[in-house]
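Laboratory data are not the source of any read-out in this text; all were calculated from the coordinates shown. Remember, predicted model here, so these are calculated numbers, not experimental data. All Cβ positions, glycine included, derive from the backbone under ideal geometry; neighbour counts span all protein chains shown.
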Amino acid sequence: MAQKPVPTKSDSVYKKIDEFSQDKKFFKFIHKIMFRRKETATISKKKRQKAITSLQVSFEKYNCKIIRNITIETLDPFGFSAENDKQAPKYKMERFGNWLHLKTKNWTIRNLLLFKKNEELDSLLVKESERIIRSQRYISSVIIKPIPIANCTDSIDVSVRVLDTWSGIPTGAFSSAKANLDVTERNFFGLGHELELNYIKSFNNSTTNNFGYDSKYTVPNFRNTFIRTSVSSTNDLNNNTYKSIKIDRPFYSTLTHWAGGMNYDYRVFVQLMTDSNAIVAPQNFKIKTYSFWGAHAFNVFGNQSEFGRTTHLVFATGYSNSAYLEKPSITYDPIHYNNSSKSVLATIGISSQKFYQDKYLFRFGIIEDIPYGKVFSVTGGVENKNNLNRAYFGGRFSYGDYFDFGYLQGNIEVGSFFNGKNTEQSIYKFEANYFTNLFPVGSWKFRQFIKPVLVLGTNRLNTTQDRLNLIDVNGIPGFNSAPLIGTKKFLTTFQTQSYNQKNWYGFNFSPFMNFTLGFLDQGNHNFFNNKMYTQIGVGVLINNNYLVFNSFQFSFSYYPSLPIDGSNIIKTNAFQNSNIEYRDFQIGQPYVVPYQ
């Protein structure tokens, strides 16, 4: 007979919260959307298992056994398999590629494990360790297996078998005006460190510098602490300079209880600005910014179940100081929008996050971990700028899950500054992310992705810098809309992605179609009456599971109308298939809801 888990003090607290919420409609509603009853979790779990086959080895029956040994084996990228230990390279090109490749060090993988030798085995820690290893860009796949010990019932061995990817990515471009060489190494000397170098050479005299560079070095995990350190330096052809150092420890797992970090930025750049007489002139900026933050996650619903261990009450606080050492003249910034500021923010909320495994999303045929869960948080604080203290209050609610009809995630964020009784720079942001289940057609598989975003700004400051646009990253891919600004915008992206199961020398060709539409208000109240801007794209992904980057891509985008470039414009490689991404359900560094 299975032993029933002993109720903890936290379990009794949850029971009291449950009973309390049933008698009050508001608390019953909050309880319903934030917490899952045991019977509801069982139904959801059965429904999810029906749709998705488990892709991980189960360790549950080995819980509480002592881990005697941990064996780690890393494999070269070509010809090997993490799942099949009998598979080996067959061709000379595979063996030559493996000879050039420097395998991941065993202790690099060991630093990613959440379990250790001579400790009791915890199946949830094993599952999380496998997910963390798989999330590394230099890893293609990983299998963690239990190895029973003959004539021993209280101990177990654990095998970790990892398949590398080819981690070096040299790229470049050449034209009559300039040339650039870009080198990215995701697994520097097998240490898991990341190195990015970009060198640009100009062949004309229209730029301030004849050459520019962009460099970044990242140590993602220091001695199993998961402290991440990143140093970067940039100097472009216009002599704009950017330097930064960032040291942080995020909530890298839902089982993590402490997070925090610090960041220092130094920027020197020139930006064109327009005064009240429509005169455009370059303005010099020199800005130093540093910030600190820390967070703690508390278990409030016991530790006897996966739900209890992955659901936390989180408290976070942070401080930021931005100093303008050089800024635009008052003619170009009469309201002192660009000025030194200090802020203190604190966030409190409840976060619950788990993962399910799926294939054929952004990495062809490779297991990907999709987060599902919920977040409810509120943020408050104060900002000091222009000798004025303004209070800030904001909140976030996010929910995502896998349903019979596919994966759906919704996110709502609101925030506003308060100047006395008046609200300033208020923002309301609504976004969703949906993709269907895989539906097969012959040897092909298809998914449909949809991502709508609505951003509403009210009582924004009287400057063009405090406005929305439709430019590229936060708008329509490849779109140039510098003169087009507003306080509200609506975007929706549709993408149909195909996955061809047949391969040619290890390469898979997967065509895709993309359509994005966007509205931006121009001073009126009904921005859906304004002109709709669109982008229509077609392309093909050329996937190879051996490579650290997801795919090669060739795409063409058609723009019926662009504010600057004109009508019927065609651009190449203006968008990527991974532009549609999902958010996690963690609470980290407190922040002001970004207006973008």
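Quick rundown of the values:
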{"quantity": "Fully extended contour minus Cα-Cα distance, from Arg583 to Ser159, at 0.36 nm per residue", "calculated": "149.5 nm"}
{"quantity": "Fully extended contour minus Cα-Cα distance, from Thr234 to Ser329, at 0.36 nm per residue", "calculated": "31.6 nm"}
{"quantity": "For Gly478, residues with placed amide H under 5 Å, excluding near neighbours", "calculated": "Asp472"}
{"quantity": "Relative contact order %, the stretch 60-163, counting alpha carbon pairs below 8 Å whose residues are six or more apart", "calculated": "41"}
{"quantity": "Model label zone, Tyr264; criterion: amide N under 15 Å from point 7 Å along Cα-to-beta-carbon; scope the stretch 300-330", "calculated": "321-323"}
{"quantity": "Contact order relative to length of the chain, as percent, for alpha carbon pairs under 8 angstrom and 6 or more apart", "calculated": "9"}
{"quantity": "The stretch 147-212 versus the stretch 329-380: alpha-carbon centroid distance in Å", "calculated": "25"}
{"quantity": "Space enclosed by the convex hull of the alpha-carbon atoms of the chain, per residue, Å³", "calculated": "195"}
{"quantity": "Potential extension, Lys92-Ala173 segment - 0.36 nm per residue separation minus Cα distance", "calculated": "26.1 nm"}
{"quantity": "Integer Hz, Karplus 6.51/-1.76/1.60 couplings in order for the stretch 401-409, x for Gly and Pro", "calculated": "7, 9, 10, 4, 8, x, 9, 9, 10"}
{"quantity": "Relative contact order (percent, whole number), the stretch 118-255, Cα cutoff 8 Å, 6+ residue spacing", "calculated": "13"}
{"quantity": "DSSP bridge orientation in the stretch 60-163 - percent antiparallel, rounded to nearest 5", "calculated": "50"}
{"quantity": "Order of His312, His257 - criterion: other Cβ atoms within 10 Å of each residue's Cβ, fewest first", "calculated": "His257, His312"}
{"quantity": "Mean Cβ neighbour count within 10 Å, used as a protection proxy, ranking 233-239, 511-517 highest first", "calculated": "511-517, 233-239"}
{"quantity": "Exposure proxy order (Cβ contacts within 10 Å, fewest to most) of Ser202, Ser443", "calculated": "Ser443, Ser202"}
{"quantity": "Rounded to whole Hz, the Karplus (6.51, -1.76, 1.60) HN-Hα couplings of the stretch 357-371, x for glycine and proline", "calculated": "9, 8, 10, 6, 10, 10, 10, 5, x, 9, 4, 10, 9, 9, x"}
{"quantity": "Ranking of Glu94, Glu128, Glu83 by count of other Cβ atoms within 10 Å, fewest first", "calculated": "Glu83, Glu94, Glu128"}
